[in-house]
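Some notes on the structure that comes next.
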Amino acid sequence: MAGREPDRDTESRRILDRIAREADSSAPPPLVSRTAKRTRDHLTAADADPADPIEYWGTRIGRVIGLVVTIGLIVWLVIFLVRG
């Protein structure tokens, strides 16, 4: 019976260490950071050809306008729903 106590203690410490690492909130979750990076790259036209300034700036302007319109529609929808 005495031989099982150190095993249980070791296992308990291992589990608590794993929980502490998983619950560490100092770093953003991978999903959040990956989504933020993809959104930033999309809006800054990272996929457009930088050698072609018309395509590069046209893509950036179009995507920013799309974002502004989307935010405007969301705000309008919220206002519409709140007023009834």
Volume per residue of the C-alpha convex hull in the chain, rounded to whole Å³: 161
Label-point separation in nm, PHE80 to SER12, each point 7 Å along Cα→Cβ: 5.9
Distance (nanometres) between label positions extended 7 Å along Cα→Cβ at ALA20 and ILE71: 4.1
Protection-proxy order for peptides 41-48, 5-12, each taking the mean of Cβ atoms within 10 Å per residue, highest first: 41-48, 5-12
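Throughout, read-outs are computed from the coordinates displayed, never taken from laboratory work. Fair warning: this is a prediction, and the values are worked out from it, not measured in the lab. Here the Cβ is made from the backbone with ideal geometry for all residues, glycine too, and neighbour counts use every protein chain on show.
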